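The structure appears below as structure tokens.
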């Protein structure tokens, strides 16, 4: 169950947040429910794993009437090849290099220290194949930023998932219920 969020704060934040296609996130949310995925940096194995996971379930989300949107820490030019590669080039995206949306009290996504990388769950995620399939890329964005997933419906956060480790693999379909 999501934590209580001030709906006025959420609406105000969505109204001033523009996607790369120049829409406000409020316009996107008012159109249909949105699974809003906050990514880590593009050099992160698990960021690319999340793109791959969402790409694979996108047809089911579309069937349910759910739109997918992403918030990322890169510039649009850096992000585009990743979204193109995972066949997500037509989704709404918000470029947020300063990480202000991640830190906003509405979403409140944590920062981790570098010791987080030695946690057993992270190593297990890498050893289960993430690093072999998705590799490690160039570290350009904030490597300490944690990801998260928010299901937005009727101008509210209907469900959410805040990662406990960078290796978490949320059940996106369950979050979008």
Candidate set from the stretch 64-85 (those that are part of a strand (DSSP E or B) and within 20 Å of residue 109 (Cβ to Cβ)); member that is farthest from the chain's Cα centre (by Cα)
68
So for the stretch 33-41 (the condition being without any contact (Cβ under 8 Å) to a residue 24 or more places away in the chain and surrounded by fewer than 21 Cβ atoms within 10 Å (Cβ to Cβ)), does at least one residue qualify?
no
The one condition residue 3 fails out of (1) at pLDDT 95 or above; (2) closer than 24 Å to residue 156 by Cα is (1)
List the pairs whose first member sits in the stretch 93-104 and is on the phi > 0 side of the Ramachandran plot, whose second member is crowded, with 20+ Cβ neighbours inside 10 Å, and whose Cβ atoms are under 8 Å apart, counting only residues at least 6 apart or on separate chains?
99/73; 99/145
Residues being in a helix (DSSP H, G or I) and either under 17 Å from residue 69 (Cα atoms) or at pLDDT below 95 (or both): count how many of those fall in the stretch 10-51.
20
With the condition kept exactly as written, say whether any residue in the stretch 142-163 is at pLDDT below 65 and not in a helix (DSSP H, G or I).
yes
Might you let me know whether the stretch 49-65 holds any residue that is closer than 15 Å to residue 102 by Cα and surrounded by 14 or more Cβ atoms within 10 Å (Cβ to Cβ)?
no
From 7, 89, 100, grab the single residue that is surrounded by fewer than 19 Cβ atoms within 10 Å (Cβ to Cβ) and touching a strand residue (DSSP E or B) at 6+ places or on another chain (Cβ under 7 Å).
7
Residue pairs qualifying under the 7 Å Cβ cut-off, at least six apart or on distinct chains, with the first in the stretch 45-58 being free of Cβ contacts under 8 Å to residues at least 40 places away in the same chain and the second being assigned to a helix (DSSP H, G or I), are 51/82
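The values are calculated or read from the model by the stated rules, or taken from the named source; none is laboratory data. Bear in mind that the values here come from a model prediction, so they are computed numbers and not experimental data. We place every Cβ from the backbone using ideal geometry, glycine too, and count neighbours over all the protein chains shown.
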